[in-house]
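A.B. asks: Below: one structure in structure tokens.
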Amino acid sequence: MTLQVSTPQEEGIYQASKWLKLPMLLDGFELKQFFDALAPFQIFPLTGIVDGCPTSLEYFIAEYSRWIEGLKQGRPPRDDELRALLACAFTDDAEALWLQKVERGFLAKIRKPVVQVQAHFFSYSPVDGEFRSMSMGPQSVFWGLQCSFPQVYQDPKTMEICESAESPLFRKIQLWTREHTRATPFLVDNKKINAPMRLGKTCFSWIAKHPQLQERGIWIRTN
């Protein structure tokens, strides 16, 4: 898949809102199964200067698996490790993205709705007993990846507000997640609290080792 080189004057500025979000923590081999179910698709980084080439699926899986193996040993991924897989687009449509030429390479830009993926964190507030997804800070808990797809976007050229067409790729993500992950049964002070984060089925065997959950007194009901 090759992305077209273009300009902001030609393409306009893309904006989107009303996101459907699927935060999930998977084991490394579960991510491989996940990618196999989504194929064919490619990954393009959306941050920093890029060469215009897709990120290798094997590289993505290897980096993510390294995060998870560290987590099992009591070490959540550091910021410098997370930079290897910052915000990116999962797409099976080369027309959804374009490249803007800059001095040392390209910037990847979105032309129309795509699945956007990034490292996911959440926080828990003992004040109101709420879990908050994509909350960053010293008390945040690493929780795998979040896949997002917008329901509404602004056409970059006409500025018209449009409803996103259904994404077959995001539909695959929804179906796979429903079958291979579970809603996470969090326990805080022996009280079960429902939250939107999902957990791969094989992760239940080791999730008690998650150091950030232990530090915050958060447990997962495993039966």
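A.B. asks: Take segment 202-219 and flag every residue that is without any contact (Cβ under 8 Å) to a residue 40 or more places away in the chain, out of contact with any Gly (no Cβ under 9 Å at 6 or more places or on another chain) and either assigned to a loop (DSSP other than H, G, I, E, B) or open to solvent by 50 Å² or more (accessible area, probe 1.4 Å) (or both).
C.D. replies: Those that are without any contact (Cβ under 8 Å) to a residue 40 or more places away in the chain, out of contact with any Gly (no Cβ under 9 Å at 6 or more places or on another chain) and either assigned to a loop (DSSP other than H, G, I, E, B) or open to solvent by 50 Å² or more (accessible area, probe 1.4 Å) (or both): SER205, ALA208, GLU215, GLY217, TRP219.
A.B. asks: Looking at the structure I just gave you, is ILE61 among the hydrophobic types (A, V, I, L, M, F, W, C) and more than 30 Å from SER205 (Cα to Cα)?
C.D. replies: Values: among the hydrophobic types (A, V, I, L, M, F, W, C): yes; more than 30 Å from SER205 (Cα to Cα): no.
Against the criterion (among the hydrophobic types (A, V, I, L, M, F, W, C) and more than 30 Å from SER205 (Cα to Cα)), ILE61 does not qualify.
A.B. asks: What is the residue count in segment 46-72 for residues that are under 26 Å from GLU215 (Cα atoms) and in contact (Cβ under 8 Å) with a residue 40 or more places away in the chain? Walk me through it before giving the result.
C.D. replies: Keep residues of segment 46-72 that are under 26 Å from GLU215 (Cα atoms), which gives 63-72.
Filter again for in contact (Cβ under 8 Å) with a residue 40 or more places away in the chain, leaving 64, 67-69, 71-72.
Of the residues in that region, 6 qualify.
A.B. asks: If ALA195 satisfies all but one of (1) assigned to a loop (DSSP other than H, G, I, E, B); (2) surrounded by fewer than 16 Cβ atoms within 10 Å (Cβ to Cβ); (3) of a type in the set (Gly, Ala, Ser), what's the number of the condition it fails?
C.D. replies: Every condition holds for ALA195 apart from (2).
A.B. asks: While we're on this one: Could you list, in sequence order, all residues of segment 142-181 that are touching a Lys or Arg at 6+ places or on another chain (Cβ under 8 Å) and modelled with pLDDT under 95?
C.D. replies: Hit for segment 142-181 is PRO156, nothing else.
A.B. asks: Scan segment 119-130 for residues that are closer than 22 Å to GLY74 by Cα and open to solvent by 10 Å² or more (accessible area, probe 1.4 Å) and jot them down. If you could, list the steps in order and put the result at the bottom.
C.D. replies: First pass over segment 119-130, keeping only residues closer than 22 Å to GLY74 by Cα: 119-124.
Of everything in segment 119-130, those that are closer than 22 Å to GLY74 by Cα and open to solvent by 10 Å² or more (accessible area, probe 1.4 Å) turn out to be ALA119, PHE121, SER123, TYR124.
A.B. asks: Would you tally the residues in segment 1-33 being open to solvent by 20 Å² or more (accessible area, probe 1.4 Å) and under 21 Å from PRO196 (Cα atoms)? Outline the logic, then answer.
C.D. replies: We begin by selecting, within segment 1-33, every residue open to solvent by 20 Å² or more (accessible area, probe 1.4 Å); these are 1-2, 4-5, 7-10, 12-22, 29, 32-33.
From the residues that got through so far, the ones that are under 21 Å from PRO196 (Cα atoms) too are 17-22.
Summing the residues that are open to solvent by 20 Å² or more (accessible area, probe 1.4 Å) and under 21 Å from PRO196 (Cα atoms) in segment 1-33 gives 6.
A.B. asks: Can you find a residue that is more than 20 Å from MET197 (Cα to Cα), open to solvent by 70 Å² or more (accessible area, probe 1.4 Å), touching a residue at least 24 places away in the same chain (Cβ under 8 Å) and out of contact with any strand residue (DSSP E or B) (no Cβ under 8 Å at 6 or more places or on another chain) anywhere in segment 96-113?
C.D. replies: Step one: filter segment 96-113 for residues more than 20 Å from MET197 (Cα to Cα), giving 96-113.
Filter once more, keeping what is open to solvent by 70 Å² or more (accessible area, probe 1.4 Å): 101, 103-104, 109, 112.
Checking which are touching a residue at least 24 places away in the same chain (Cβ under 8 Å) leaves us with 101, 104, 109, 112.
Those left that are additionally out of contact with any strand residue (DSSP E or B) (no Cβ under 8 Å at 6 or more places or on another chain): 104.
Checked against the condition, which is being more than 20 Å from MET197 (Cα to Cα), open to solvent by 70 Å² or more (accessible area, probe 1.4 Å), touching a residue at least 24 places away in the same chain (Cβ under 8 Å) and out of contact with any strand residue (DSSP E or B) (no Cβ under 8 Å at 6 or more places or on another chain), segment 96-113 yields at least one hit.
A.B. asks: May I pose another question? For PHE122, only one of the following conditions fails: (1) more than 16 Å from the chain's Cα centre (by Cα); (2) part of a strand (DSSP E or B). What is its number?
C.D. replies: So PHE122 meets the others, but not (1).
A.B. asks: Further question: Among the residues of segment 146-163, count how many are surrounded by 11 or more Cβ atoms within 10 Å (Cβ to Cβ) and not in a strand (DSSP E or B). Steps first, answer last, please.
C.D. replies: Initial filter on segment 146-163 (surrounded by 11 or more Cβ atoms within 10 Å (Cβ to Cβ)): 146-157, 161-163.
Of the ones still in play, those that are also not in a strand (DSSP E or B) are 155-157.
Within segment 146-163, residues that are surrounded by 11 or more Cβ atoms within 10 Å (Cβ to Cβ) and not in a strand (DSSP E or B) number 3.
A.B. asks: A further question follows. Given the structure, is MET134 loosely packed, with under 11 Cβ neighbours inside 10 Å and either within 18 Å of the chain's Cα centre (by Cα) or not aromatic (Phe, Trp, Tyr) (or both)?
C.D. replies: Details: loosely packed, with under 11 Cβ neighbours inside 10 Å: no; either within 18 Å of the chain's Cα centre (by Cα) or not aromatic (Phe, Trp, Tyr) (or both): yes.
Taking the combined requirement at face value, the residue does not satisfy it.
The values are calculated or read from the model by the stated rules, or taken from the named source; none is laboratory data. Quantities reported herein were computed from a predicted structural model and do not represent experimental measurements. Glycine gets a Cβ as well: all are built from the backbone with ideal geometry, and neighbour counts include every protein chain shown. Areas reflect the complete protein model, heavy atoms only, side chains present, ligands, DNA and RNA absent. Shrake-Rupley method; radii C 1.70, N 1.55, O 1.52, S 1.80 Å.
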